[in-house]
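Contents: one structure, followed by commentary.
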Amino acid sequence: MSDIPSITLNNGLKMPQLGQGVWRIPPEEAADNVRAAIDSGYRLIDTAAIYRNEAGVGEGVRRSGLPREELFITSKLWNSDQGYDATIKAFEMSLDRLGLDYLDLYLIHWPQPMFDTYVESWKAMERLYKEGRVRAIGVSNFEPAHLERLAADCEVVPAVNQVELHPRLTQAEVRAYDHEHGIQTESWSPLRGVIEDVPPVIQELAVKYHKTPAQVVLRWHIQLGLVVIPRSSRRERIRENRDIFDFELDAADVRAISALDNGGRLGAHPDTMDRR
Ligand SMILES: NC(=O)c1ccc[n+]([C@@H]2O[C@H](COP(=O)([O-])OP(=O)(O)OC[C@H]3O[C@@H](n4cnc5c(N)ncnc54)[C@H](OP(=O)(O)O)[C@@H]3O)[C@@H](O)[C@H]2O)c1
C-alpha cells in the first residue's frame, strides 16, 4: 500500500504527488532503481527519451509485479523529435522501449521557441491523447508566453507544466499562471539547488521537525501544492524521500524556505535552450 497522496489533474486523472525521477540513472541500473522505488511505495516514475533509460524503466515496472494501472509513468518528447509526424513517431518509440501500451503522461520536454515547432508538436500530442494512447498530456519548461501560444492555437490545456523549481528558484510567476489556468506545476531538480550546501534555515528546520534537510525541502514542495520528483540512486534515500507525509511545516517555515529564492537556476533558461 502507498500513502502518497494524489492530486487531480484538469482532465480528472489522478497523479501521485511524489515520484521518483530517473535522469542520470544509467540504463543498466534503471530497472533496479525503479523496482526499489516501487517497492518503497512510489507509483509515479519520471523518465524521458533523452535519459536513454526507458527500457530499464519498463523492466523495473514489470519486475515490480504491480498491475500497470496502479502505476503512473511519465516520459517526454525530446527536442529533435518536435514536429507533428516526428512527435507521433517518437511517442511510439518511447512506448516500444518502455514495453508499455500507454503512458500516463507525455510531456514536450522544452519549448525551444527559436525553432517554432512546439505548436505543431502539441497538436500531435492532442491526437495521441484523443486516441487514448496517453492519459494526460503536458509540457515542461514552458514559460507563460509559451503557454499563451498554446491557449491561442490549440484545444487541450496542458495538464502539467514540469519546471525547474526548488527553494533557490521558486517560480512564483510560472506557478501563478499555471494555477490560474488549471495546469498542475511539477518541480524538477527539487533538491539539487540546496542539498549539496544546505542553507542554515533548512538545517534548523530539520532539527525542529526531527527530519532530514531533504525531507524538509520535499515537504515544502508538497505544501505548495506541487508534484515533486526527487531522484536518488540509493535505496535508503529513496525511502527517506518518501517519508514526508507524517509531519507538517508551519506556514511561517514554508515562507522562510521560499525566502531563499535568489533566482538560482541550475539548468538552461527555456527561452534560450536550443540543444537538440
Ligand atoms: N524536465 C526537465 O527538463 C528536467 C530536468 C532535470 C530533471 N528532471 C526530472 O527531475 C528529476 C529530479 O531532478 P534531478 O535529478 O536533477 O535532481 P534532484 O532530485 O533535485 O537531486 C538529485 C541529487 O540529490 C541527491 N539526493 C537525493 N536524495 C537525497 C537525500 N535524501 N539526501 C541527500 N541527497 C539526496 C542525489 O544523490 P544520490 O543519487 O547519491 O542519492 C542526486 O545527486 C530528474 O531525475 C528528472 O526525472 C526534469
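The values are calculated or read from the model by the stated rules, or taken from the named source; none is laboratory data. On a predicted model such as this, the values are computed, not experimentally measured, just so you know. We place every Cβ from the backbone using ideal geometry, glycine too, and count neighbours over all the protein chains shown. When the accessible area is computed, the model is the full protein with side chains, heavy atoms only, and any ligands, DNA or RNA have been set aside. Shrake-Rupley method; radii C 1.70, N 1.55, O 1.52, S 1.80 Å.
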Original post:
Somewhere in segment 167-175, is a residue under 22 Å from Gln17 (Cβ atoms), open to solvent by 40 Å² or more (accessible area, probe 1.4 Å), assigned to a loop (DSSP other than H, G, I, E, B) and out of contact with any His (no Cβ under 8 Å at 6 or more places or on another chain)?
Top reply: yes
Original post:
Going through segment 96-110 one residue at a time, which ones are farther than 12 Å from Thr47 by Cα and part of a helix (DSSP H, G or I)?
Top reply: Asp96
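To keep it simple, each residue is scored yes or no on (1) in contact (Cβ under 8 Å) with a residue 12 or more places away in the chain; (2) under 21 Å from Leu107 (Cβ atoms).
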{"position": "Asp178", "(1), (2)": "yes, yes"}
{"position": "Val201", "(1), (2)": "yes, no"}
{"position": "Ala206", "(1), (2)": "no, no"}
{"position": "Asn241", "(1), (2)": "yes, no"}
{"position": "Asp271", "(1), (2)": "yes, yes"}
Original post:
Counting only residues that are assigned to a loop (DSSP other than H, G, I, E, B) and more than 27 Å from Pro158 (Cβ to Cβ), which one in segment 183-205 is least open to solvent (accessible area, probe 1.4 Å)?
Top reply: Pro199
**OP:** Filter segment 214-237 for residues that are in a helix (DSSP H, G or I), within 10 Å of the ligand (Cβ to nearest atom), within 17 Å of Gly41 (Cα to Cα) and open to solvent by less than 50 Å² (accessible area, probe 1.4 Å) and give the result.
**Re:** Gln215, Leu218
**OP:** Give Ile45, Ile25 a once-over and let me know the one that is in a loop (DSSP other than H, G, I, E, B), more than 16 Å from Ile137 (Cβ to Cβ) and in contact with a helix residue (DSSP H, G or I) (Cβ under 6 Å, 6 or more places away or on another chain).
**Re:** Ile25
**OP:** Go over the candidates Arg68, Arg43, Arg52, Arg63 one by one and state the one that is within 25 Å of Arg235 (Cα to Cα), touching a Ser or Thr at 6+ places or on another chain (Cβ under 9 Å) and open to solvent by 30 Å² or more (accessible area, probe 1.4 Å).
**Re:** Arg43
Subject >> Residues that are open to solvent by 10 Å² or more (accessible area, probe 1.4 Å) and more than 30 Å from Arg276 (Cβ to Cβ), drawn from segment 12-37 >> reply: Gly12, Leu13, Lys14, Pro16, Gln17, Asp32, Arg35
